[in-house]
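Some notes on the structure that comes next.
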Amino acid sequence: MSEIGKKGQPAAENKSPATLGYRMPAEWEWHRATWLTWPRPDGISFEGCYDAILPVFGQLAASLSTSEWVEINVWDREMESAARHVLQKAGVVMDHVGFHYFPAYEPWCRDHGPIFVTRERGGSREKAVVDWQYNAWGGKYPPYDLDDAVPKRIAEESGVPRFAPGIVLEGGSIDVNGEGALLTTEACLLNPNRNPALSQREIEAGLVDFLAVNKVIWLGDGIAGDDTDGHVDDIARFVAPRVIAAVVEEDPHGVDYEVLQENYRRLLKATDACGRPFEVVALPTPGNVEASGVRLPASYANFYVGNRVVMVPTFHSVNDRKALELLQTLFPNRRVIGLDATILVQGLGTFHCLTQQEPE
């Protein structure tokens, strides 16, 4: 492994981020910015509904831009111009928007974007990028070379060190509490379409070395309709260092009932990095959300925590209000905003999948 600086030269050979004092902050810690990747009209995620999802991007950016920068990856000036039109129409604070000509085939920045780590040094905070390998969820959607290159390009432009673990990992497959604990799933990280040569212990060691966690909590399978092989951000999320919101299916006949009950049982037995149990809060499901008879991975757990807001996907479900009210109690110092994601989820992801936080 190596730490790579702005000019791409090794800066600290054979030292991991953890060894150098870096850690991955929790999502609720203060951001400098949120990163997005603008969708392509000819991308595969939103075939047949591209124009309909653009206002949702605009609303997402508008809510975030009041309290942090919104950095957007685009293909070229033409895409930038089109994006500006959408954002201005949505009322985005354009003085808080930056555009970067870092093209990607699909818009899921959580998974192909950089994961930022930070450290305190000399009275100031320093940032670095962890550049995990990206293979489009096990090689399902080639090509993905441009998406995989995004973290390196962001690190080079920002002039921050870059760590390359050499491990395939998407940002949606993990969640951290900022105090040493990490949530993930066996279905995703242990899937042979990611890192077939690595054992569970070796993958866990990579998480420890590159994100500075010391407690990995393994859940089982993901929800139906999820093409990521079980990303944890559709199942369970940290909402505070010792509080986890976990999706629970109340209907015993529901397709996800057994899977979610098993994950819930694991969480009730889990402990944090200091051996203390978590408070586990049950988050409802929106029920069966479909498009053209196909089950979609609709989940309230796919919320995104901004500096002043929490963006929560809604699905015209009877449980929308219940989920929003519950999350508002869990984030009392932020405004919980429900945003219709019924069209967005046809691309098999919602707000957490689209966003990647850059800490202050």
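The values are calculated or read from the model by the stated rules, or taken from the named source; none is laboratory data. Everything quoted here is computed from the prediction, not taken from an experiment. Here the Cβ is made from the backbone with ideal geometry for all residues, glycine too, and neighbour counts use every protein chain on show.
Between Arg40, Arg23, Arg77, the distinction of being farther than 25 Å from Trp132 by Cα and basic (Lys, Arg) belongs to Arg77 only.
Within the range 315-327, is there a residue that is surrounded by fewer than 20 Cβ atoms within 10 Å (Cβ to Cβ), within 23 Å of Thr34 (Cα to Cα) and free of Cβ contacts under 8 Å to residues at least 60 places away in the same chain? Yes, that holds for at least one residue. Does Thr342 satisfy the criteria of being polar (S, T, N, Q), more than 20 Å from Glu250 (Cβ to Cβ), within 18 Å of the chain's Cα centre (by Cα) and modelled with pLDDT of 95 or more? Criteria not met by Thr342.
Residues that are of a type outside the set (Lys, Arg), over 20 Å from Ala181 (Cβ atoms) and buried (at least 16 other Cβ atoms within 10 Å of the Cβ) do occur in the range 273-284, at least one of them. The condition of being of a type in the set (Val, Ile, Thr) and either surrounded by fewer than 23 Cβ atoms within 10 Å (Cβ to Cβ) or in a helix (DSSP H, G or I) (or both) holds for Val208.
Per-residue answers, yes or no, for (1) under 18 Å from the mean Cα position of the chain (by Cα); (2) modelled with pLDDT of 95 or more; (3) basic (Lys, Arg); (4) over 18 Å from Asp111 (Cβ atoms):
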{"position": "Thr185", "(1), (2), (3), (4)": "yes, yes, no, no"}
{"position": "Leu190", "(1), (2), (3), (4)": "no, yes, no, no"}
{"position": "Ile203", "(1), (2), (3), (4)": "no, yes, no, no"}
{"position": "Val213", "(1), (2), (3), (4)": "yes, yes, no, yes"}
{"position": "Trp218", "(1), (2), (3), (4)": "yes, yes, no, yes"}
{"position": "Arg242", "(1), (2), (3), (4)": "no, yes, yes, yes"}
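Quick one: in the range 82-94, which of the residues that are among the small types (Gly, Ala, Ser) and crowded, with 18+ Cβ neighbours inside 10 Å is farthest from Asp340 (Cα to Cα)? The qualifying residue farthest from Asp340 (Cα to Cα) is Ala83. Do we have any residue at all in the range 250-262 that's surrounded by fewer than 24 Cβ atoms within 10 Å (Cβ to Cβ), farther than 26 Å from Cys49 by Cα and among the polar types (S, T, N, Q)? For the range 250-262, residues surrounded by fewer than 24 Cβ atoms within 10 Å (Cβ to Cβ), farther than 26 Å from Cys49 by Cα and among the polar types (S, T, N, Q): present. Residues in the range 230-250 that are part of a loop (DSSP other than H, G, I, E, B) and in contact with a Leu (Cβ under 9 Å, 6 or more places away or on another chain): Gly230, Ile235, Val248, Glu249. Filtering the range 116-134 to residues that are buried (at least 18 other Cβ atoms within 10 Å of the Cβ) and more than 25 Å from Trp30 (Cβ to Cβ) leaves only Tyr134. In the set Ala224, Ala181, only one residue is crowded, with 16+ Cβ neighbours inside 10 Å, touching an Asp or Glu at 6+ places or on another chain (Cβ under 8 Å), of a type in the set (Gly, Ala, Ser) and at pLDDT 95 or above; that residue is Ala181. In the range 251-282, the qualifying residues are those that are farther than 25 Å from Asn319 by Cβ and either in a helix (DSSP H, G or I) or among the polar types (S, T, N, Q) (or both), and the one that is farthest from the chain's Cα centre (by Cα) is Lys269. If the condition is being over 20 Å from the mean Cα position of the chain (by Cα), surrounded by 15 or more Cβ atoms within 10 Å (Cβ to Cβ) and in a helix (DSSP H, G or I), then the range 56-81 contributes Met79, Glu80. Scanning the range 224-248 for residues that are touching a Pro at 6+ places or on another chain (Cβ under 9 Å) and not hydrophobic (A, V, I, L, M, F, W, C), we see that the one that is farthest from Leu296 (Cα to Cα) is Arg242. Going by what's in this entry, would Glu325 be described as at pLDDT 95 or above, of a type in the set (D, E, K, R) and either on the phi > 0 side of the Ramachandran plot or outside any helix (DSSP H, G or I) (or both)? For Glu325, the condition - at pLDDT 95 or above, of a type in the set (D, E, K, R) and either on the phi > 0 side of the Ramachandran plot or outside any helix (DSSP H, G or I) (or both) - is not met.
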